Structures are given as C-alpha cells and as structure tokens.
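One structure is given below, encoded as structure tokens.
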C-alpha cells in the first residue's frame, strides 16, 4: 500500500474518532505506518451515550490493529484516564487488537 493511501486512511480514522469521541485525535508515525489516538472524556456521570460508543468502535475498526487503555480514578487523583487507538500498517498484522 502506498504511503499516501496509508496516510489518508489514518486521517479518515482520526477525523471519525474526533467526531465520535468529542476530542482531538492525535496522529503519529510508527515504524510500519500510522497510529491514531484519542483521549476519551466522559460526561459528569461517567457514561458515554450508546451512539458515541458505537461510532468510536466503528472508527477504530477501520484500522488494521486497535486497542484501549484505561487507568482508574484511584490512580489519577480521582480522574479516570482512557485512550483508544487504531493503527494502519504497510504490512497489516495477522492478529487484531491488543
């Protein structure tokens, strides 16, 4: 896959994640492609709407590999930290997620 096509895929994921997650997605270069990350900010009650959750999952699934990191409030002075990520690769891995 050409670098331009790969970069375009990564930007599409970034745009969809930003729209679905209500934040700014970060795009970084990795050894075999691009990684898109989005910090998730939850409403005061801590729960996302089902539409936002589904839209985030759909955007993540556009990548070749994806995942989620969560750190509970007890570790962060009362604030949960959550990040989702999706990667696109020149040579996609054979297993999904991590």
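The values are calculated or read from the model by the stated rules, or taken from the named source; none is laboratory data. All figures in this text were calculated on a predicted structure; none of them were measured in a lab. Using ideal geometry, Cβ is built from the backbone for each residue, glycine included, and neighbour counts are taken over all protein chains shown.
Do any residues in the range 1-13 that are at negative phi and free of Cβ contacts under 8 Å to residues at least 60 places away in the same chain have Cβ atoms under 9 Å from those of residues that are surrounded by 12 or more Cβ atoms within 10 Å (Cβ to Cβ) and part of a helix (DSSP H, G or I), where the two are at least six apart or on different chains, and which pairs are they?
12/59
Would you check if residue 12 is under 10 Å from the mean Cα position of the chain (by Cα) and modelled with pLDDT of 95 or more? Steps first, answer last, please.
Numbers: under 10 Å from the mean Cα position of the chain (by Cα): no; modelled with pLDDT of 95 or more: yes.
Against the criterion (under 10 Å from the mean Cα position of the chain (by Cα) and modelled with pLDDT of 95 or more), residue 12 does not qualify.
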